[in-house]
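Here is the structure we will look at, set down as C-alpha cells.
FYI, it's all coordinate maths here, none of it is from the lab. Quantities reported herein were computed from a predicted structural model and do not represent experimental measurements. Cβ placement follows ideal geometry from the backbone for every residue including glycine, while neighbour counts extend to all protein chains displayed.
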Amino acid sequence: MLLRTAWRRAAAAVPVAPGPTTAPTRGLRLRVVDHATQSDVPSATATAPQAESELRPLYMDVQATTPLDPRVLDAMIPYLVNYYGNPHSRTHAYGWESEAAMEHARQQVASLIGADPREIIFTSGATESNNIAIKGVARFYRSRKKHLITTQTEHKCVLDSCRSLEAEGFQVTYLPVKKSGIIDLKELESAIQPDTSLVSVMTVNNEIGVKQPIAEIGRICSSRKVYFHTDAAQAVGKIPLDVNDMKIDLMSISGHKIYGPKGVGAIYIRRRPRVRVEALQSGGGQERGMRSGTVPTPLVVGLGAACEVAQQEMEYDHKRISKLAERLTQKIMKSLPDVVMNGDPEHHYPGCINLSFAYVEGESLLMALKDVALSSGSACTSASLEPSYVLRAIGTDEDLAHSSIRFGIGRFTTEEEVDYTVEKCIHHVKRLREMSPLWEMVQDGIDLKSIKWTQH
C-alpha cells in the first residue's frame with residue numbers, strides 16, 4: 001500500500017507538457033526512466049525526479065520469462081513492507097502471519113495441479129526443482145537402482161543433472177524424439193530396465209512448444225514401478241494438469257513463467273505411494289527437510305497468487321492465445337514461402353511458435369527486428385552460436401536450425417502487437433532474402449543440396 005501511494009504521488013507530480021497529444025509509436029511501448037540517484041531520499045516536500053520517455057521493444061519472448069501480473073504484485077506488497085516476519089519463527093505474531101501466508105500459497109499451488117498441499121516444496125525455481133527431483137531420487141535409491149531415462153530435448157538443467165549423475169556411476173538413457181518432437185512410447189517401454197529408478201520427460205518444450213503424452217508416460221511408469229518426473233515449467237497454469245490423473249510422481253514448477261516473481265518455484269513430490277528424495281542442501285530442515293533455508297514469504301505469496309490467477313483464467317487465456325497464434329502463423333505463412341513450423345502442429349502449446357525462415361540467418365533477422373523482443377531459442381543457450389540441440393534432435397537441417405525464431409504469445413500480448421510483429425517480420429525476411437545469394441540461386445531453380453561447396 002505504501003509503495004502504491006508513493007508511486008501515485010510521484011506520477012501526479014510529473015508535469016504534463018502543454019499542446020496536442022500524439023498517439024504513441026505503434027509497436028513500441030513507453031517507459032518512464034527514473035534518473036534520480038539511489039542516494040536521494042524522498043521527502044514529503046520533495047518534487048518528483050526528472051523523468052524522460054524511453055521507447056522499448058514489444059515483448060514477444062514469454063517462454064524466457066513473463067511480466068509480473070499486477071494482481072500478483074498487489075498480493076506481494078504487504079509481505080515486502082509490513083509483514084516481514086520469518087515464517088519459521090514460532091514464538092511471535094510476525095512469524096505466525098508469515099507462516100499462514102506461506103501455507104495459503106502452498107494450498108494455491110497444490111490446487112492448480114490437483115495435489116495435496118503437503119506435497120508442495122518451495123524452491124528457488126524450476127532449475128533447482130529439476131536438480132532435486134533427478135539427483136535426489138537417483139541418489140536415494142542408488143543402492144538398488146542405477147539407471148535413469150530422459151529425452152534428448154529436455155531443458156539444459158535436466159540434461160546437465162543427468163550428466164553429473166553419469167560421472168557418479170549412474171547409467172542414463174537419452175531417448176530420441178520423432179520429427180514431430182514427441183517421444184516414441186514403445187521406445188520408452190523397451191528402455192525401462194529392472195534397475196530404472198526415474199523417467200524424466202518435460203510436459204511442454206520451451207523451444208518448440210511440443211506437448212508430450214504425459215498421461216500415457218505416467219501410466220507406463222506406474223505399471224513398471226518406476227517414478228515419473230516432469231519438468232512442467234512451461235505448462236503449469238497454461239494447460240490443465242492433474243498429478244493424480246496423469247500419475248505424475250514429481251513435478252517442477254517455476255514462478256516467473258506464469259506471471260509470478262523470479263527466484264521462486266516449487267517441486268511436487270508424491271506422498272502416497274511415497275517418493276523418497278535425498279536433499280541436496282543441508283541446513284535448518286525447512287520444507288520437511290527436503291529444501292533447507294528460510295522460505296522467502298513475499299516470493300511464495302507471489303507464486304501462490306500467480307497460480308490462483310492462472311487457475312481462474314486458464315481457459316480464457318488459452319482461447320485468446322490460440323487465436324493470436326493462429327493469426328500470426330497464418331499471416332506469415334501466406335505472405336512468405338519456405339517457412340517451416342518446427343514441432344508437431346497438433347500436440348502443441350499455441351503460445352510457443354518456432355518458425356524457420358529458409359535462406360535467412362536467424363541472428364540477422366533478430367537484429368533487424370530490434371523493436372520486437374524475440375529469441376532464436378532457449379534463453380539459457382541463446383548466447384551460443386551453435387544451432388539449437390532441440391532442433392537438431394527433431395532432424396532439422398543445420399541451415400534451417402540457424403534460421404529459426406521463437407515467437408512467444410502470452411496473457412498480455414495484444415492483437416496490434418501480433419500484427420506489428422508479423423508486418424515487420426515479413427518486411428525484413430523479404431529484405432534479407434533479396435540480399436542472399438542462396439535465395440537468388442533457388443529462384444533460378446538451382447538445387448542447393450546438389451552443390452558440392454569447396455573451401456578456398
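Ratio of Rg to Rh for region 170-231, alpha carbon only, Kirkwood?
Working: Rg = 11.4 Å, Rh = 12.1 Å.
In region 170-231, Rg relative to Rh is 0.94.
Find, among the GluC sites (Glu not before Pro) in region 297-365, those assigned to loop by DSSP (not H, G, I, E, B) with at most 12 other beta-carbon atoms within 10 angstrom.
Details: sites: 308, 313, 315, 326, 346, 361, 363; in loops: 346, 361.
Sparse-neighbourhood loop GluC sites (Glu not before Pro): 346.
I need two numbers for region 286-365: Rg to one decimal and Dmax as a whole number, Cα atoms only, in Å.
19.7, 56
Taking only the alpha-carbon atoms of region 198-254, what semi-axes of the equivalent ellipsoid follow from 5 times the gyration tensor eigenvalues under a square root, in whole Å, largest first? Provide the component values of the computation, followed by the final result.
On the way: eigenvalues 68, 23, 19 Å².
Three semi-axes, in Å: 18, 11, 10.
According to the Cα gyration tensor, what semi-axes, each the square root of 5 times an eigenvalue, does the equivalent ellipsoid of region 324-375 have, listed from largest to smallest in whole Å? Walk me through the numbers on the way to the answer.
Numbers: eigenvalues 72, 36, 26 Å².
Whole-Å semi-axes of the equivalent ellipsoid: 19, 13, 11.
Once phi is turned into θ = phi - 60°, what whole-Hz ³J(HN,Hα) does the Karplus curve with 6.51, -1.76 and 1.60 give for every residue of region 84-101, x standing for Gly and Pro?
9, x, 6, x, 9, 7, 9, 9, 8, 5, 4, x, 5, 5, 5, 5, 4, 5
Could you work out the Rg to Rh ratio of region 235-377, with Rh taken as the Kirkwood radius (inverse of the mean 1/r over all Cα pairs)? Write out the running numbers ahead of the final one.
Values: Rg = 19.9 Å, Rh = 18.6 Å.
For region 235-377, the value is 1.07.
Could you state, as a whole-number percent, how many of the C-alpha pairs of region 77-139 are farther apart than 20 Å? Display every interim value, and only then the final one.
Numbers: 852 of 1953 pairs.
So the pairs more than 20 Å apart make up 44 percent of the total in region 77-139.
Taking the mean number of other Cβ atoms within 10 Å as a proxy for protection, how do you rank 58-67, 425-434, 283-292 from highest to lowest?
On the way: 58-67: 20.8, 425-434: 17.3, 283-292: 15.5.
Ranked by mean Cβ neighbours within 10 Å, highest first: 58-67, 425-434, 283-292.
How would you rank 220-227, 348-355, highest first, on the average number of other Cβ atoms within 10 Å across their residues? Write down the numbers at each step before the final one.
Values: 220-227: 17.5, 348-355: 23.8.
Ranked by mean Cβ neighbours within 10 Å, highest first: 348-355, 220-227.
Any chance you could tell me what percent of the C-alpha pair distances in region 256-318 go past 15 Å? All intermediate terms of the calculation are to be shown ahead of the outcome.
Numbers: 1217 of 1953 pairs.
Result for the distance tail: 62 percent.
Amide H of residue 294: which non-local residues (sequence gap of 5 or more, or other chain) have their own amide H closer than 5 Å, using H built in the peptide plane?
none
Which of the aspartates and glutamates could a cross-linker span from residue 257 if the Cα-Cα distance has to be under 19 Å and same-chain partners fewer than 8 positions apart are dropped?
Straight-line reach from residue 257, under 19 Å: 61, 69, 74, 128, 154, 207, 231, 242, 308, 313, 315, 317.
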